[in-house]
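What follows is a short report on a single structure.
The values are calculated or read from the model by the stated rules, or taken from the named source; none is laboratory data. Keep in mind that this is a model prediction, so the values were computed, not measured. Please note: Cβ atoms are built from the backbone with ideal geometry, for glycine as well, and neighbour counts cover all protein chains shown. Heavy atoms of the whole protein, side chains included, go into the accessibility calculation; ligands, DNA and RNA do not. Shrake-Rupley method; radii C 1.70, N 1.55, O 1.52, S 1.80 Å.
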Amino acid sequence: MMITLDGPAGSGKSTVARRLAERLGWEYLQTGWMYRAIAWAGLQAGVDWNRPEELEKIAATNRLRWEGKRLFWENRDITPELETQRVTEVTRYAAGNPAIREILTRKQREYVRGRNCITEGRDQGTVVFPDAELKIYLDASPQERARRRWEQKRQRGETADYETLLQAMQKRDREDAARTCAPLKKADDAVVLRTDGLCVEEVVERIVAALEEVRKRRSSEEKEG
């Protein structure tokens, strides 16, 4: 069974998905890290960002692998490096590349096969898993999302300016919504949850309740069938 979580940056997808996976005992796939990993590899290789075929060749080498919650490039655990600013700044070259999205979409579908899985990103319910049993779209105001990102950086001991983060968040929203390749948008049958003012546990409870409704509906349909 599949639950997809989509939404803009800072809406709480990763935190909620991890907690939900723990609650249900399901697998969790953080697809955004896969695009960040390709961008990271591009930085290591010194690619010309204006030549997309160079990054496509790297993605096609298929050197990404998951070990639990850690993402490896061959034998190197690159998880700690994926949320650095330098990777964030170039991730759009991977996320907006149709050839790379096709490669990583295949890997995502292979990963979830035969599993109960929670997957999060920006096109999970619309493109990657359009037949998922439950689709959630998490949203929050740009101000709330920037505040969360600022708090995350503060807890990691990083310096950050709230206004700079807010401007970057709004710019990212515009880019994600406007891109021609897998733009950020809500699936027609997604459950929308605005997370402003909600703690992680409250959001998780609402998703669990939505999952129970799906299970009841499926059980009723099976009995009628």
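Helical content alone sets the calculated 222 nm signal of the chain at -17000 deg cm²/dmol, taking -39,500 (n - 2.57) per DSSP H segment of four or more residues and averaging over every residue.
Subtracting the Cα-Cα distance of Asp48 and Glu151 from their residue separation scaled by 0.36 nm leaves 33.7 nm.
Extension gain for Thr159 to Val192 (0.36 nm times residue separation, less C-alpha to C-alpha distance): 8.6 nm.
Local charge for Arg65 was computed over the other residues whose Cβ lies under 10 Å away, with Lys and Arg +1 and Asp and Glu -1, and equals +1.
Spin-label pair Ala178-Arg109: with each label point 7 Å from Cα along the Cα-Cβ axis, the two points sit 3.1 nm from one another. Segment Glu27..Asn116, full-extension length gain: 31.4 nm, with 0.36 nm per residue of separation and the alpha-carbon distance subtracted. Within segment 141-225, all pairs of alpha-carbon atoms sorted by distance into 10 Å bins from zero give the percentages 14, 28, 31, 17, 7, 2.
Projected onto its three principal axes, the C-alpha set of the chain covers 59, 38, 32 Å, listed from the longest axis down.
Shown in residue order for segment 29-37 are the 3J(HN,Hα) couplings computed by the Karplus curve 6.51 cos²θ - 1.76 cosθ + 1.60 at θ = phi - 60°: 10, 9, 5, x, 5, 5, 5, 4, 5 Hz (x for Gly and Pro). With R₀ fixed at 30 Å, the C-beta to C-beta distance from Lys171 to Ala99 puts the FRET efficiency at about 0.75. Per residue, the solvent-accessible area of the chain (1.4 Å probe, heavy atoms of protein chains only, all protein chains present) comes to 52 Å².
For segment 175-225 versus segment 109-140, the spacing of their alpha-carbon centroids is 10 Å.
If the label point is 7 Å along Cα→Cβ of Glu133, which residues in segment 1-44 have backbone nitrogen under 20 Å from it? Under 20 Å, as judged by backbone N against the label point of Glu133, lie 1-6, 17-30 of segment 1-44. Treating the angle as unsigned and between 0 and 90°, give the value, to the nearest 10°, between the Cα long axis of helix 200-224 and the longest Cα principal axis of the chain. Value to nearest ten degrees: 50.
Each residue of segment 183-197 is assigned a 3J(HN,Hα), and the resulting list reads x, 6, 7, 7, 5, 4, 9, 7, 8, 8, 10, 8, 9, 4, x Hz, derived from the Karplus form 6.51 cos²θ - 1.76 cosθ + 1.60 (θ = phi - 60°), x at Gly and Pro. For the pair Lys185 and Ser141, label points projected 7 Å from Cα toward Cβ lie 2.7 nm apart.
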